[in-house]
Amino acid sequence: MESPPDHQAARQSMLSAQLIDRGISDARVLRAMAHIPRERFLPSEMQRFAYADCALGIACDQTISQPYIVALMTQALELLGDESVLEIGTGSGYQTAVLAELAHDVVTIERHAALAEQAAQLLRELGYSNIESHVGDGTLGWLERAPYDRIIVTAAAEHVPPHLFEQLREGGVLVIPVGDLSGQVLEQITKIDGQPRVRRLSGCRFVPLIGREGWPEAKR
């Protein structure tokens, strides 16, 4: 996973200025993001912007989230290393790679087949063997591997899709942006006695979560 010196310098600057200075303190998250070549998850003409403090567009009208949001969502999962994680919205695969560094295994779902295939190939090239990729409606989760210790949703929902909360293990954590298309709040939801305990983390803006229990395609 070696990167050219200019990317390595940009990555270190990202860690200090965008993550540590903004309160990202989980050492495992910081190590993972120091290790992963974010530029590999972007087309060649976009790689010079890989460590910029912003989201970047990718294929299928999707985005790769800004580094701070990736770190904040990952930190909120409170991963120790032995968890099974469900990711909704594979996208470029960058967040998937971060999760794979920190959890026992990752099941990731993407509704765009082209994105899913591209991300899966890159993740294999980078040596990840603990990722299971699927194409499908992420709002329905992936029942075959449930329950999950952690669930992360990288698209915005008006409410938490019921199937996802059902597939979360008791005591597990779900991180999701909730709101309307003008803006959302990132929520950390812990399942306690079968009920959601919600902690609001930050304002944010994500692409809509499309699916049976998300935004209908026609309302985008």
query = Given GLU213, GLU187, which one is assigned to a strand (DSSP E or B), charged (D, E, K, R) and surrounded by 18 or more Cβ atoms within 10 Å (Cβ to Cβ)?
reply = GLU187
query = If you scan segment 121-137, which residues turn out to be touching a strand residue (DSSP E or B) at 6+ places or on another chain (Cβ under 6 Å), closer than 20 Å to ARG40 by Cβ and part of a loop (DSSP other than H, G, I, E, B)?
reply = ASN130
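Could you run through segment 164-174 and say how many residues are in contact with a Lys or Arg (Cβ under 8 Å, 6 or more places away or on another chain) and either among the polar types (S, T, N, Q) or assigned to a strand (DSSP E or B) (or both)? First the steps, then the outcome.
First pass over segment 164-174, keeping only residues in contact with a Lys or Arg (Cβ under 8 Å, 6 or more places away or on another chain): 165, 168-174.
Pick out the ones that are also either among the polar types (S, T, N, Q) or assigned to a strand (DSSP E or B) (or both) and you get 168-174.
Count: 7.
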ask   = Is segment 48-58 home to any residue that is out of contact with any Asp or Glu (no Cβ under 8 Å at 6 or more places or on another chain), β-branched (Val, Ile, Thr) and closer than 16 Å to LEU15 by Cα?
value = no
request  = Give the residue, chosen from ALA71, ALA114, that is hydrophobic (A, V, I, L, M, F, W, C), crowded, with 19+ Cβ neighbours inside 10 Å and touching a residue at least 12 places away in the same chain (Cβ under 8 Å).
outcome  = ALA71
ask   = When segment 138-162 is examined, which residues are found to be part of a helix (DSSP H, G or I) and closer than 14 Å to ILE210 by Cα?
value = GLY138, THR139, LEU140
Filter result for the condition that a residue is at pLDDT 95 or above, of a type in the set (Asp, Glu) and surrounded by fewer than 20 Cβ atoms within 10 Å (Cβ to Cβ), over GLU83, GLU87, GLU132 = GLU132
task = Tell me, please, whether a residue that is basic (Lys, Arg) and surrounded by fewer than 21 Cβ atoms within 10 Å (Cβ to Cβ) can be found in segment 45-52.
result = yes
Evaluation of GLU158 against (1) surrounded by fewer than 23 Cβ atoms within 10 Å (Cβ to Cβ); (2) under 15 Å from SER84 (Cα atoms); (3) touching a residue at least 40 places away in the same chain (Cβ under 8 Å); (4) not aliphatic (A, V, I, L, M) (one fails), failing number = (2)
remark   = segment 1-102: helices (runs of 4 or more DSSP H) wholly inside it with 1 or more residues that are closer than 22 Å to THR190 by Cα are 27-35, 67-77, 94-102
ask   = Looking at this structure, is GLU117 of a type in the set (D, E, K, R), under 19 Å from ALA10 (Cβ atoms) and not in a strand (DSSP E or B)?
value = no
remark   = Apart from one, (1) free of Cβ contacts under 8 Å to residues at least 24 places away in the same chain; (2) surrounded by 23 or more Cβ atoms within 10 Å (Cβ to Cβ) all hold for THR96; the odd one out is (1)
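The values are calculated or read from the model by the stated rules, or taken from the named source; none is laboratory data. Computed from a predicted structure; not experimentally measured. All Cβ positions, glycine included, derive from the backbone under ideal geometry; neighbour counts span all protein chains shown.
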